[in-house]
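As structure tokens, the structure follows; a few thoughts come after it.
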Amino acid sequence: MLCCLAAPQLLRAQGCMLVPVPLAQRTAQAALVVEARVASQQPERAPNGHLVTRHVLEVYKVFRGQLPAGPLSVLTPGGFLGEQGEVVSGSLALQTGQQGIFFLEADPNLPGERRAYAGPQGFIEYNLATLMASEPFGRYASIGGALYGALAAQTGVSYRNVVPNAGLAAATQRRAARTAAGPLGIAAPTISSFSPSVVTAGTSTTTTTSTTGVLTISGSGFGTTQGTGFVQFANADDGGATYTQPLANDYLSWSDSQIQVRVPSYSAAGHPAGTGAFQVALDNSGSLIATSPTPLTVTYALLNVVNAGNTYRVHLISPDGSGGYSLQYAASFPAAAKAPFELAIASWRNQTAMNRTAATPASPPADITKANSVSVVRFAGSAELPAGVLGVTNSYYSGCSVNSGPLNWQVTETDYAYAPVPYPGYTWNFTAQTPSNTEFDFQSIALHELGHGEQLTHIISPNAVMHYAIANGQLKRALDMSIDVAAGNNVIGYSVGTTAAERCNNPAFMASPQPLPVVLMAFAARYQPGQGTRLSWATATEAGSLAFVVESQDDPTAGTWQEVARVAAAGSSPTPRQYASLDARPLAGTRYYRLRQMDLDGRVAYSPVAAVTAATMLAAYPNPAARLVRLSGPLATDAAAHVRLLDATGRCVASATGPVGQAAFDLPLAGVPAGLYIVEWDGGAGRGYLRLVVE
């Protein structure tokens, strides 16, 4: 057995395409680390044209760096100023009164200003009821013990006191008194039932009459008035690890036996409610709390505009004058990313009639993210995207009122920006093939961000594209019909039904009149020595499809494609379908494949091109395997292949060394439990990784 080395790390991207940035990195890279409270906040227009929100901080402790002579403030992306608004997915949202640890750096886009290092991971929020702290990827059992100790371990020194933290001190004393006193003669509330058990978030707002997103909670001991009581839902941005509370205007009624509250897509802390148990609390002591007897299911959540304490649904309009939104590729957007991005666009268009097109104009747009009436798709550097952020969607809004009535809000533009390198040591997978464990799948990430552009926000549902998390090596290219598609259709239906006044006399959004018959999710080619090239593809839906033709060529400059196989299509299918074919010809060098999709009405469409190379392909046969698997892969001259089998935690469960100069050999699987594993192959020409299912 070989010594098992470190496997590629599982980097689950969550909270809108964030990957974890270690506490050590945040502490070392942030110029200033402080404990502080948000004393006030104010939206403003930054010199670069973006709307931002300025948060003035009241500082209690300094863990690293020097405080400025004047007031300390931090800017967060987005905000609403008058009848203009901007929301940036994956950005830090703060509320007045919140306190915790801030990791601050100079804002490279706005000289003289500060932003949170690593975006949402630049703030560790305090829960004064429980005296615990949380961040997107971490929890601390105590503020004074676990969190302070973790920070001291990174800085090597204790903190410096600036002024006493009266709020934290009072919360500590209050909790100690409650613990010492025991029962205080006040009965904790009880939740006996709630209705409905399945809801949507953001569909009922302070400016609509819809009740589809209203939850009725029945029980006892809630109190005759709300007072300091509140309801809190599972936080969809972190999978329910923490709770999030509705806005004040979301409470419709409160009595001792019944509460009616809107299920929010934008909470007091900026997070959407997600599936999970919810709670009713009488105050913020952390002791008088009732938990729902069963989980509440939040099917989907729609983005809402929040202005002056009120929540609004938003309308899609037609800035391009053709019934939708035209996106333009900037010069920074690589050619390899266009095919997967357009497949993501097609998925939303074909299943929800979301009118979006993307193109490279003769004169590419300015390579910036800005409210300039041009929806741009681009790659952005670290100056714009904080550490740990894979991609963001900027949604720009405009509001108007009719006869001094409520404001109506429209999406005027959406920009999409992605990190050129998703994470140090990891790359993008732009191909139709399954990503390796050191890759993030670009089509999956683009599909999620385009969902934000369609005004959807996070949920907790692993099968859905708008699920809050995705991991390296994971594919998520299929929209869930009952979740993602239902949410998109809700937004489209709401937008199509607007009056001219409601859309401020902007051109009307129109549902796509003729969606493409087939939604292709993936097309992959994999060479298996002794077997040939296995072609596989999957469709999300089909309508009027006739056949799929597999074509190949060995010389990409020749311009001619050879038909390899023809597979009958489903004709009509509302659910995902899988297809496969085999090209048994031996392979020497590189061969290119594409899929020609033929419709009953004579229309033809082509998939992105997939390439296979015999000399560099890592393969396992059979897969799934039992007892024995044949492995083959790249091998340097006169070298031996070293193979390790890694489980989901990265632990090595089996390893072997092949004969010198032999690029294929058998790996026994006796004693290996059934499950999903990663094969690591090192043949002297670099490491490769392959997923293997053991039965």
Modelling each spin label as a point 7 Å along the Cα-to-Cβ direction, I'd like the ASN372/VAL496 distance in nm, to one decimal.
3.4
Note, VAL306: beta-carbon cut-off 15 Å, +1 each Lys/Arg, -1 each Asp/Glu, net -1
Go ahead and run the numbers for FRET between ALA269 and GLU563, Cβ-Cβ distance against an R0 of 51 Å, rounding to 0.05.
0.35
Cα-only radius of gyration and Dmax that characterise the range 295-334, units Å:
16.6, 47
Reported to the nearest 10 Å², LYS476 has, with a 1.4 Å probe, an accessible area equal to 20
For the pair ALA605 and ALA584, how long in nm is the line joining their label points, each one 7 Å along Cα→Cβ?
3.3
Work the Kirkwood hydrodynamic radius out for the range 363-412: mean of 1/r over every pair of different alpha-carbon atoms, inverted, in Å.
13.5
On a 0 to 90° scale, report how tilted helix 442-453 is relative to the longest principal axis of the chain, with both axes built from alpha carbons and the result rounded to the nearest 10.
40
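Considering every Cα-Cα pair within the range 75-191, what fraction, in whole percent, is farther apart than 17 Å? The partial results should precede the final answer.
Values: 4654 of 6786 pairs.
Here the tail beyond 17 Å accounts for 69 percent of pairs.
Can I get the semi-axes of the range 234-291's equivalent ellipsoid? Compute them from the C-alpha gyration tensor as square roots of 5 times the eigenvalues, in angstrom, largest first.
Semi-axes, largest first: 18, 14, 10 Å.
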Applying a 10 Å radius around every beta-carbon, put 660-666, 31-37 in order of their mean neighbour count, most first.
31-37, 660-666
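Give, to the nearest whole percent, the P(r) tail of the range 68-109 beyond 17 angstrom, counting all Cα pairs.
Summing the P(r) of the range 68-109 above 17 Å gives 47 percent of all pairs.
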How large is ³J(HN,Hα), in whole Hz, for each residue of the range 143-154 in order, when computed from phi with the Karplus curve 6.51 cos²θ - 1.76 cosθ + 1.60 and θ = phi - 60°, using x for Gly and Pro?
6, x, x, 5, 6, 4, x, 5, 5, 4, 5, 7
Heavy-atom accessible area per residue, the chain, 1.4 Å probe: how many Å²?
40
Efficiency of FRET between ASN505 and SER192 - r from beta-carbon atoms, R0 51 angstrom, step 0.05:
0.55
Can you give the log10 of the normalised intensity I(q)/I(0) at q = 0.15 Å⁻¹, computed with Debye over equal Cα scatterers of the range 256-348?
-0.88
Given charges of +1 on the Cβ of Lys and Arg and -1 on the Cβ of Asp and Glu, with all other atoms neutral, how large is the dipole of the chain about its Cα centre, in debye to the nearest 20?
820
Which of GLU384, GLU135 is most accessible, then next, and so on - probe 1.4 Å:
GLU384, GLU135
Only bridges with both residues in the range 313-442 count here: give the DSSP antiparallel percent, nearest 5.
45
Calculate for the chain the 222 nm mean residue ellipticity that helices alone would give, adding -39,500 (n - 2.57) per DSSP H run of length 4 or more and normalising by residue count, nearest 500 deg cm²/dmol.
-3000 deg cm²/dmol
Compute and list, largest first, the equivalent-ellipsoid semi-axes of the chain from the alpha carbon gyration tensor, each √(5λ) rounded to a whole angstrom.
45, 33, 25
With 0.36 nm assigned to each residue of separation and the Cα-Cα distance removed, SER40 to THR360 gains 110.9 nm
Using only Cα atoms, locate the centre of the range 115-182 and the centre of the range 187-203, then give the distance between them in Å, rounded to an integer.
30
Measuring from label point to label point, each 7 Å out along Cα→Cβ, what is the SER482 to SER220 span in nm?
3.5
Helix 486-496: inclination vs the chain longest Cα principal axis, degrees, rounded to 10, gives 70
SER382/LEU67 FRET efficiency (R0 22 Å; Cβ-Cβ; nearest 0.05):
0.30
Helix axis angle, 335-352 relative to the chain longest principal axis, alpha carbon, degrees
70
Taking just the C-alpha trace of the range 300-458, give me its Rg and Dmax in Å.
16.5, 57
Please compute the length gained on full extension between SER257 and THR228, using 0.36 nm multiplied by the number of residues separating them and subtracting their Cα-Cα distance.
8.8 nm
State the extension gain, in nm to one decimal, for the chain segment bounded by THR297 and ASP666, taking 0.36 nm per residue of separation less the distance between their alpha-carbons.
128.1 nm
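The values are calculated or read from the model by the stated rules, or taken from the named source; none is laboratory data. The shown structure was predicted, so the numbers you read here are calculated from the model rather than taken from an experiment. All Cβ positions, even for glycine, are placed from backbone atoms using ideal geometry, and neighbour counts span all protein chains on display. Note: areas computed on protein heavy atoms with side chains; ligands, DNA, RNA excluded. Shrake-Rupley method; radii C 1.70, N 1.55, O 1.52, S 1.80 Å.
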